[in-house]
Every structure is written in C-alpha cells, then in structure tokens.
Amino acid sequence: MRSLIDILDLSVEELDDLLKTANDIIDNPQKYSKSCEGKKIATLFFEPSTRTRMSFEAAMYELGGNVISMTGGATSSAAKGESVADTIKVVSNYVDIIAMRHFIEGAALVASENGDVPIINAGDGGHCHPTQTLADLLTIYREKGHLDNLTIGLCGDLKYGRTVHSLINAMSRYEGVKFVLISPKELMCPDYVLEDKDQDSFTVTTSLEEAMPSLDILYMTRIQKERFDSEEEYLRLKDSYILNPEKLLTAKSDMKILHPLPRVNEISVAVDDDPRAVYFKQTLYGKYMRMALILKLLNEAEDKNKVSLMPSDALSDEYKCTNPKCISQCEQELKHKSVIRNNKRRCVYCEHDI
C-alpha cells in the first residue's frame, strides 16, 4: 500500500504511466465509469479549497465510487484539539483512500505514517502539492505535446508556493528543461527545492518582462496572503507582478500560460481570451489526473504491505525544527526527526534547515 506525499514519490516512469491513463480516460470515459464501484474516498480539507477538493470528488464519482467530505477544521474534532494522527486513524476505518489538505507543513507525512489506507497530499502548508503538479504535467503535455526541452518561467510567490516546489521537482527530471525563477527577493525559491539539481538549469530574475521572450511556459502564482506572518509585508509585495496583454507582446505565439488558481489580480481578465491562456483547461486536466492517481493507489492498496515514506536515514534526536508552520511544533508527542543533506541538517517533515 502506497501514499503520495511528494511528487518525488513517483518515478518518471510512473508519471508517464499516469499521463497515459489520464489520456485514455479522456478518450474513453465509459471504460472507467465503474472502476471504483463500492469504494469510498474521504476528502479532508483543513484549509479552504475549490478546485482540488471538487476535482477529487468529481474524479471519484466519475469512477463510480462515493465520497465522504470534510471542509474546514472547525467542523471536525481538530477544533477540539485532535491530532492529525488520531484523525487519520479514525477516518481510515470508514474509507478506502484519503485526500487531505492541511495548513501545517508535514501533516501529510504524519498522516501517511498513521493511516491504514493510501493518503494523498492535497497540499500541506507552503511545502508540497503533488496532485496540482500532476494537473500541470497533463496540461503541458496536452498543450505542447511533450515534457522535455522546455523553458518554464515560474513567477510570483516562489517561497511559499507549494505548487512551484512540486513542479520544479517533477519537471527537473525531464531532459533539457530550464527554469526561469521570477520573484521579488523576499519570495525567492527556498534552497532545499533547488539542491541536488543541475544549477545551470536555473536562471533567477526579478523582471517578468526580461524573461518573457524566452519562455515556452509561463506559470503564474498569486502572492499568498495566508502564508505571511505580517500583513504589512503582504501588502508591500502583493502587486509585484500583474500579467496583462501588453506584457505578452514579446512572448512566443505558442507559449502557454498556466496558473494553479485562485488568482487575485496577478493575471488581468483581459488575458483570459488569449489562446495561450490555459489555466481554466488546467482545472479540468486536474480531474483526469486525479482519476488516474486514485486508480493507481487503490490498485496498489490490494497489497496490504504498508510502504513508509519516512526517509530511511531519518534521525531521531534532540534537534528541534524552529519553523512555526511545521507539524513537529504542534502534533502530540511527535518525535523530532531530521536528515543530513549536503552537510545540512533538515527537518524530515517540512525540509527547513535546523
């Protein structure tokens, strides 16, 4: 039995297989309409969501399965102080698979270590969002015809943007892919995301206009108010990048514009009619990839041997993570664990430096 916590839990071959399945679902929906008959998914969303939650639920219904849903921690026993581990142990008794979004980084990993059914990370704070990346991959593949030899511009909040972190991890494994990281200095991509990757593949800039002519894909992100500790800092940075038709004048005619949504004002509505804008198609592709993923994990759940995603070299020690958004700061009696990567000690749950 497997879970999906980070996009790196899937090999390139598995990603390609998921793309193949999703494309087959698009072409032959009736073939899959009873694939999950008698199965149930729980969508546990401790943080607001529209696309991710509804696409998981639509995916399960279209596979012939059923859904148990929880939206907002205030409607669950989490509001009474119940731990993530205890919540998952209970919900595992009721369903066959769980999709969980949580505002705390590392919550999905803790869930996977305590559940008896596959856990899908539907976003854990500012850390990872692997199923959004699956949607992104299918969008790029359907719109460009391939995943290699592309120049991808990532623009906006690259520090807290969990969708960006997961997309870099996925696309950096394909040949010839280059990234242009476009952000204010305060919102640059964290070091842990870029380590162990070909540094020649990354260009860093604060100028969207400068980067535009070279891009095959422009991946816009919003500046996320909910991730900031200071409203003053958010207000100062929130309008750093606003994409409008004028800024697209120097872009390639076949460039594609993606956005994980929701947008606030970082893409003008005037861009929506541009044929290069595919962010609403992207939400539909997300449903198909989640259908493919649910099928894969339920099929592998037939093997009752649980697969731990805790790194084999994780150390239990006295070093404590100081990231206030880490699950290790709040989960009951959770052992602090770390790994050594490139001579740096990193928290297992949120990957921040210790």
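Tell me which strands (runs of 3 or more DSSP E) are completely within the stretch 121-214 and hold 3 or more residues being surrounded by 20 or more Cβ atoms within 10 Å (Cβ to Cβ) and in contact (Cβ under 8 Å) with a residue 24 or more places away in the chain, or say none if there are none. Working first, answer last.
Values: elements: 151-155, 178-182, 202-205.
Qualifying strands (runs of 3 or more DSSP E): 151-155, 178-182.
Mind checking which pairs have a first residue in the stretch 94-113 that is open to solvent by 10 Å² or more (accessible area, probe 1.4 Å) and a second that is part of a helix (DSSP H, G or I) and polar (S, T, N, Q), Cβ under 7 Å, 6 or more apart or different chains?
Close Cβ pairs satisfying both conditions: 101/52.
This table checks each residue for (1) among the polar types (S, T, N, Q); (2) within 23 Å of residue 218 (Cβ to Cβ); (3) at pLDDT 90 or above; (4) under 22 Å from the mean Cα position of the chain (by Cα).
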| position | (1), (2), (3), (4) |
| --- | --- |
| 281 | no, yes, yes, yes |
| 291 | no, no, yes, yes |
| 298 | no, no, yes, yes |
| 303 | no, no, no, no |
| 313 | no, no, no, no |
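Quick one: count up the residues across the stretch 297-331 that are open to solvent by less than 40 Å² (accessible area, probe 1.4 Å) and closer than 21 Å to residue 42 by Cβ.
Qualifying residue count for the region: 5.
Assuming residue 159 fulfils every condition listed in (1) out of contact with any strand residue (DSSP E or B) (no Cβ under 8 Å at 6 or more places or on another chain); (2) at pLDDT 95 or above apart from one, which condition is it?
For residue 159, the exception is condition (2).
Looking only at the stretch 245-267, count how many residues are in a loop (DSSP other than H, G, I, E, B) and either modelled with pLDDT under 95 or surrounded by 15 or more Cβ atoms within 10 Å (Cβ to Cβ) (or both).
Number satisfying all stated conditions: 11.
Testing residue 82 on (1) closer than 23 Å to residue 300 by Cα; (2) part of a loop (DSSP other than H, G, I, E, B); (3) open to solvent by 10 Å² or more (accessible area, probe 1.4 Å), one condition comes back false. Which one is that?
All conditions pass for residue 82, except number (1).
Pairs under 8 Å by beta carbon, first residue free of Cβ contacts under 8 Å to residues at least 12 places away in the same chain in the stretch 24-43, partner open to solvent by 60 Å² or more (accessible area, probe 1.4 Å), six or more apart or different chains?
Taking only residues 6 or more apart or on different chains, the pairs are 24/31.
Looking for something at pLDDT below 90, of a type in the set (A, V, I, L, M, F, W, C) and over 29 Å from residue 177 (Cβ atoms) - is there at least one such residue anywhere in the stretch 94-104?
The answer is no, given that none of the residues of the stretch 94-104 is at pLDDT below 90, of a type in the set (A, V, I, L, M, F, W, C) and over 29 Å from residue 177 (Cβ atoms).
Name the residues in the stretch 332-354 that are out of contact with any helix residue (DSSP H, G or I) (no Cβ under 6 Å at 6 or more places or on another chain), assigned to a loop (DSSP other than H, G, I, E, B) and open to solvent by less than 50 Å² (accessible area, probe 1.4 Å), would you?
348, 350
Let me spell it out: the conditions are (1) under 19 Å from the mean Cα position of the chain (by Cα); (2) open to solvent by less than 60 Å² (accessible area, probe 1.4 Å); (3) at pLDDT below 95, and residue 225 meets all of them except one. Which number is the exception?
If we test residue 225 against (1) under 19 Å from the mean Cα position of the chain (by Cα); (2) open to solvent by less than 60 Å² (accessible area, probe 1.4 Å); (3) at pLDDT below 95, just (2) comes out false.
Take the residues in the stretch 1-60 that are in a helix (DSSP H, G or I), touching a strand residue (DSSP E or B) at 6+ places or on another chain (Cβ under 7 Å) and over 25 Å from residue 174 (Cβ atoms); name whichever of them is most open to solvent (accessible area, probe 1.4 Å).
Out of the qualifying residues, it is 53.
Cβ-Cβ below 6 Å, separation at least six or inter-chain, first residue in the stretch 49-72 and closer than 22 Å to residue 125 by Cα, second part of a helix (DSSP H, G or I): which pairs?
Cβ pairs passing all conditions: 51/283; 55/286; 55/287; 55/290; 56/290.
The values are calculated or read from the model by the stated rules, or taken from the named source; none is laboratory data. Note that the structure is a prediction, hence the values are computed from the model and not measured. So basically every Cβ, Gly included, is an ideal-geometry build from the backbone, and we count neighbours across all protein chains shown. Just so you know, the surface numbers come from the protein's heavy atoms only, side chains and all, with ligands and any DNA or RNA stripped out. Shrake-Rupley method; radii C 1.70, N 1.55, O 1.52, S 1.80 Å.
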